[in-house]
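Written out below as structure tokens is the structure these notes cover.
The values are calculated or read from the model by the stated rules, or taken from the named source; none is laboratory data. In this text the structure is predicted, and so the values were computed from the model without any measurement. In this analysis, Cβ positions are derived from the backbone assuming ideal geometry, glycine residues included, and neighbour counts consider all displayed protein chains.
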Amino acid sequence: MDLYGRRQEQAALDRVLDGARQGSGAVMMLWGEPGIGKTALLAYVAESAAADFTVLRCRGTRLESELAFAALHELLWPVAERISTLPRPQAKALNGALGMSGDVADRFLIGVAALTLVGELAGKRPVVIIADDAQWLDEPSAQCLAFVARRLRAEPVVMLLTGHDDPVEGPWEKLAAMEVRGLDDDNARLLARAVAPHADEAMIRRTVRAAAGNPLALQELPTSEAAGDLSAYPLGDDQISVGPRLRRSFHARIERLSAPARTALLLAAADDRSDRDTVRQAGGVLGLDAAAWEEALHSGLLATGSGGRIRFRHPLMGAVVYDVAPPVDRQAVHRALASVLSGEHAGELRPWHLAAAVEAAGGTDEEVARLLEESARRSWARGGCATAARALRRAARLSPATDDAVRRLSYGARAAWEAGQVDVARGMLERAEGMSSVGTVAELSEGLRGLIEFAHGDLSIACRRLIRDMERVADAGQAFQLGSMALRAAWAAGHGELQREALERLERRLPRENFPNADLLPLLRQWWTQDLSGGADDRDRAVAPGAEVLSRLSGTSWFLMPPAPVAIAWGIESALEEALRGEIDRLRPTDQVTALTQTLAETAALDIARGSWTSAAANALEGLQVGEEIGDDHLASQCRTCLGWLAAARGEEPAVADHAARVFEVSVPRSVRALSAAAQWTLGMSALFAGRAHQALDHLVRLTEDGHHAAHPTIAVLAAPDTAEAALQAGRRATAEEQARLLRGWAERTDAAWAVSATHLVHALLASGADAEKQFRLALDVPGARSRPFNHARTRLLYGEWLRRAGRRTDARNQLAEAAEIFRRLDAAPLLARTRAEQELTGQHPRRDSVPARDTAAVLTPQELRVARLAARGLTNREIGSQLLISPRTVGHHLANVFPKLGIVSRADLGRIDFGDGSHPIG
């Protein structure tokens, strides 16, 4: 295809195609003003790729932007028969999204299914995905394509999109972009001359000046009877805007047509799907004859595409036709289109046409609003939450009765929230509250105000709103859930007084033993009581729940479960982990990808505590990815704190600083002190392990400093052993004694093995002589202390240092050797180096060998380890890809790296590999 002045752009696109031919994927957004030539470049790519690529195409339209997954349906329709070959949950999700079944789907699984389908197509030949006018794609399709786009690096797949604006935000942000600019004067002159070979030189010069390099303008202006107006603009004038010039040209062309021909054009613009049969039948309803269509087709605005489809030569032309039409004409054509619609999408499109007709008349209509609401529910069930929100918002505008409008806005806000459109959800709630009472909206939206504030706002405000809504909703079970989330919000905010208030009001609100899980209220009081130094009385009342109780909670709502730091502080991480594993096993065969990933991410802190650091990193990385995908800032920050903790223990100081900075950026303005405190802890750990005790103490004392953004009692007690060690190294004995008292109070209250052991350790550091050794031995001998290997190794290191200073070198070597082995296995580089230095001071010369090749936790990357574990369970590449949100080909790529690293040759060998965490593979 010969394009004027586009050699540079064509060369760039050729390189992208060549990369795919070599097995390397790429995504690019072509952006620029309307008419600049983006679609022509896509046509060039499609023609260039036709011989050896599978080419999938779709185009965004204004009408179908209201129809969930319309663009995805168009894109995948040529390969729809391949959907049945996908894993059953993926096939169900994609069929449900495309309206080919009634299945309800998780929006992430829809993306995974599309990724798997494209990956399998790419296994046979490279694939080109083309999405023109991406700014008009329906939002569920756009989200799905963006999901796929971010995972194409290892696939021979090219995705090209076009849009009017630089993709600096929205689903296409961070993708490679290429601006398509105007033609230079020489090429503009060549194009203008080719379009109007008989025009004189003055007209060509004026056209080039007015068009400003826009190819559509260069083609339209010289052939338009309105082009004579160009003489009004002398050659020396400043360059004028193309948009208004083209609009005037198109408008003038429309005005010269007869009224029936203008109606024919308006039908084509209002349908926006290029469906010839539909617009012809609607034209019959409006009394249009063949002459009207003939005149419209010869206007120069329409073209006939493949299959006889009627389309505008450029979307801008259809937009002008629609914009300049009188409202009464718009109303008539939309009603005509609604009356003749048929086929699979008729039930979804008819309400939109009827709504447009009502809006053109400036009225309301309950029947149309009801049809929109029904359409929204169908879209929601198919995973099109964004489309559902838009339909419900429009239905509310058309509702004659205020109560109906409020209900639709409240439900629509919930749909927008589930689609990740936080600002849209807030706006709909505000409108609903302006029309009704806050309590009514809270009940209809199921306390959405507080949930939004919990996930994206200030946690103290979230807690108060959740308490308010808890007291207003009628259902006791719903009140219990809102109250539980209020407690969690107050805990995360580190707001003890608010937490006590939430507990008291929750207990007053709920009738005794008259709702599901009422018997768990005492357990909630135990977890969420902020006082950490209750002493023996609290210990007598405290009962550590088992996995059975926690499993009950996990099956109800995730926010009824204790957060990982609370479980770790109480020493019930094993029970929580068992409950979460049950939840993971329950979710695996389902299509609830988001819930599965969030559950896996929750296990990261538990994996850290039990020494499964590679698993922790893999789960935290996956949670971070999903958190960023769905806009869950708290989930993303939670995962960053885990990654920062691991980086601190492994001596990766730049990574610690980066993760902490990102957490502070999000959490400090929102008063999420639990996360800010966790990040502060990682900074203190990092400095402590690097030998900078004073700096470490400066970070760690903030955890108990009233009013500090990182002050949090749970994190403070977990970090107390670090704070005490830093204080003693910095010569601040009084501070270490404070930490000893804090730990002793918590140990007496909970009897948690780690807390008892840590109390003895800090007392050992404070003591001397025989008393110090007694405390070291007590710390090591606490039943269950070994279940936290990193803490146990640190105790042995400190004991070994004490023994060496006491001149007991042989005893010191025994302690240091065991500490060194654990640090080596965990890859805890700073403490391993410190231990080896101590060993040398005892006269021992430890081997400074590399990690053994069979140590999978160190040899494999986090993602490789996750793939290997799932493969060891017998899952196929497609099933593994579904869980890890990657394509089956990428799974195969990881396994190809895993086998030589582990010295094995087949998947069967994976079942015999020790994955270094003492448990069966969990993914």
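Checked against the criterion of being closer than 27 Å to LEU316 by Cβ, of a type outside the set (Gly, Ala, Ser), in contact with an Asp or Glu (Cβ under 9 Å, 6 or more places away or on another chain) and not in a strand (DSSP E or B), the stretch 158-165 has at least one qualifying residue.
Checking the structure you have, find out if any residue of the stretch 133-153 is assigned to a loop (DSSP other than H, G, I, E, B) and in contact with a Cys (Cβ under 9 Å, 6 or more places away or on another chain). Yes: the stretch 133-153 contains one or more residues that are assigned to a loop (DSSP other than H, G, I, E, B) and in contact with a Cys (Cβ under 9 Å, 6 or more places away or on another chain).
Could you check the stretch 20-127 for helices (runs of 4 or more DSSP H) lying wholly inside it with 2 or more residues that are within 26 Å of the chain's Cα centre (by Cα) and in the same structural domain as PRO140 (by TED's automatic domain parsing)? Let's see the steps before the verdict.
Working: elements: 38-49, 70-76, 88-97, 107-122.
Answer list for the stretch 20-127: 70-76, 88-97, 107-122.
Select from the stretch 159-176 the residues that are surrounded by 17 or more Cβ atoms within 10 Å (Cβ to Cβ) and touching a Gly at 6+ places or on another chain (Cβ under 9 Å) and write down the one among them that is modelled with the highest pLDDT. In this case the residue turns out to be MET159. Just wondering, is there one or more residues in the stretch 327-336 that are surrounded by 15 or more Cβ atoms within 10 Å (Cβ to Cβ), in contact (Cβ under 8 Å) with a residue 24 or more places away in the chain and under 25 Å from THR39 (Cβ atoms)? For the stretch 327-336, residues surrounded by 15 or more Cβ atoms within 10 Å (Cβ to Cβ), in contact (Cβ under 8 Å) with a residue 24 or more places away in the chain and under 25 Å from THR39 (Cβ atoms): absent.
Mind counting the residues in the stretch 771-792 that are within 22 Å of GLY731 (Cα to Cα) and either surrounded by fewer than 18 Cβ atoms within 10 Å (Cβ to Cβ) or of a type in the set (Lys, Arg) (or both)? Before the answer, list the steps.
Pass one, the stretch 771-792, residues within 22 Å of GLY731 (Cα to Cα): 771-773, 775-776.
After this cut, where a residue has to be either surrounded by fewer than 18 Cβ atoms within 10 Å (Cβ to Cβ) or of a type in the set (Lys, Arg) (or both) as well, the list is 771-772.
Final tally of qualifying residues: 2.
The requirement of being among the small types (Gly, Ala, Ser), outside the structural domain of GLU66 (by TED's automatic domain parsing) and surrounded by 19 or more Cβ atoms within 10 Å (Cβ to Cβ) is not satisfied by ALA381.
Can you find a residue that is on the phi < 0 side of the Ramachandran plot, among the charged types (D, E, K, R) and without any contact (Cβ under 8 Å) to a residue 60 or more places away in the chain anywhere in the stretch 746-769?
no
Of the residues examined, GLY843 is one that is modelled with pLDDT of 80 or more and in a loop (DSSP other than H, G, I, E, B). In the stretch 177-207, which residues are modelled with pLDDT of 85 or more, within 48 Å of the chain's Cα centre (by Cα) and not in a loop (DSSP other than H, G, I, E, B)? Hits for the stretch 177-207 are ALA177, MET178, GLU179, ASP185, ASP186, ASN187, ALA188, ARG189, LEU190, LEU191, ALA192. Of the candidates VAL422, VAL406, the single residue that is touching a residue at least 60 places away in the same chain (Cβ under 8 Å), of a type in the set (Val, Ile, Thr) and either in the same structural domain as LEU349 (by TED's automatic domain parsing) or in contact with a helix residue (DSSP H, G or I) (Cβ under 6 Å, 6 or more places away or on another chain) (or both) is VAL422.
Could you please let me know if ALA455 is at pLDDT below 90 and outside any helix (DSSP H, G or I)?
Details: at pLDDT below 90: yes; outside any helix (DSSP H, G or I): no.
Against the criterion (at pLDDT below 90 and outside any helix (DSSP H, G or I)), ALA455 does not qualify.
Residues in the stretch 860-881 that are surrounded by fewer than 24 Cβ atoms within 10 Å (Cβ to Cβ), β-branched (Val, Ile, Thr) and either in contact (Cβ under 8 Å) with a residue 60 or more places away in the chain or in a helix (DSSP H, G or I) (or both): THR876 alone. Residues that are within 18 Å of ALA674 (Cα to Cα) and not in a helix (DSSP H, G or I) within the stretch 631-644 comprise just one, ASP632.
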